[in-house]
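Below you'll find the structure, written out as structure tokens, and then a few comments.
The values are calculated or read from the model by the stated rules, or taken from the named source; none is laboratory data. Just so you know, these numbers come straight off a predicted model, no measurement behind them. Every residue, glycine among them, receives a Cβ derived from its backbone with ideal geometry; neighbour counts consider all protein chains shown. Surface accessibility is based on the protein's heavy atoms, side chains included, excluding ligands, DNA and RNA. Shrake-Rupley method; radii C 1.70, N 1.55, O 1.52, S 1.80 Å.
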Amino acid sequence: NGGCLWQYYVDDGVDGKPVGWYDYTRDAAAIVEGVHSEWQNNPTMDVRCVQSGTWCYKVDFNEMRQTNVGHPAHKQRQIRRNA
């Protein structure tokens, strides 16, 4: 993923995961890194939609948060970029 590691924070036990930071998949990290680079060049584009597997996420780089727009609960999670 270009030497950049994107992660999301789990604090609700989803899929039996303990609380903590989890790596994006390689494909999802590459997509998010691409739109993050676009955002750095054009900061008005702070909210982007990213497809990961079966889910679509709204990624807000100002808030560093992802929202699962495909799930009825619209679950939000904190995200981070480890450069």
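Rounded to the nearest 10 degrees, what's the angle between the helix 26-41 long axis and the longest principal axis of the chain, both from Cα atoms, 0 to 90?
Rounded to the nearest ten degrees, it is 40.
In Å², what does the accessible area per residue of the stretch 35-76 work out to with a 1.4 Å probe? Write down the numbers at each step before the final one.
Values: 2680 Å² over 42 residues.
Ligands and nucleic acids excluded, the figure is 64 Å² per residue.
Principal axis lengths of the chain from Cα atoms, whole Å, largest first?
37, 28, 22 Å, listed from the longest principal axis down.
What is the chain's relative contact order, in percent, from Cα pairs under 8 angstrom and six or more apart in sequence? Before the final figure, lay out each step's value.
On the way: 132 pairs, mean separation 24.1, N = 83.
Taking the mean separation of contacting Cα pairs over the length of the chain, I get 29 percent.
For the chain, give the magnitude of the charge dipole about the Cα centre (Cβ charges: +1 Lys/Arg, -1 Asp/Glu; no others), in debye to the nearest 20.
On the way: 9 positive and 10 negative charges, 9 e Å.
Result for the chain is approximately 40 debye, rounded to the nearest 20.
Does a label point 7 Å from the Cα of residue 49, set along Cα-to-beta-carbon, have any residues of the stretch 2-35 with amide nitrogen under 19 Å, and which are they?
What the label zone holds, given the 19 Å backbone N cut-off, is 28-29, 31-35.
Using 1/(1 + (r/R0)^6) with R0 = 22 angstrom and r between the beta carbons of residue 71 and residue 38, what's the FRET efficiency to the nearest 0.05?
Values: r = 25 Å, r/R0 = 1.14.
Calculated value: 0.30.
Considering only protein heavy atoms and a 1.4 Å probe, what is the carbon-and-sulfur percentage of the accessible area of the chain? Please report the intermediate quantities before stating the final value.
Values: 2460 of 5100 Å².
Roughly 48 percent of what the probe reaches on the chain is carbon or sulfur.
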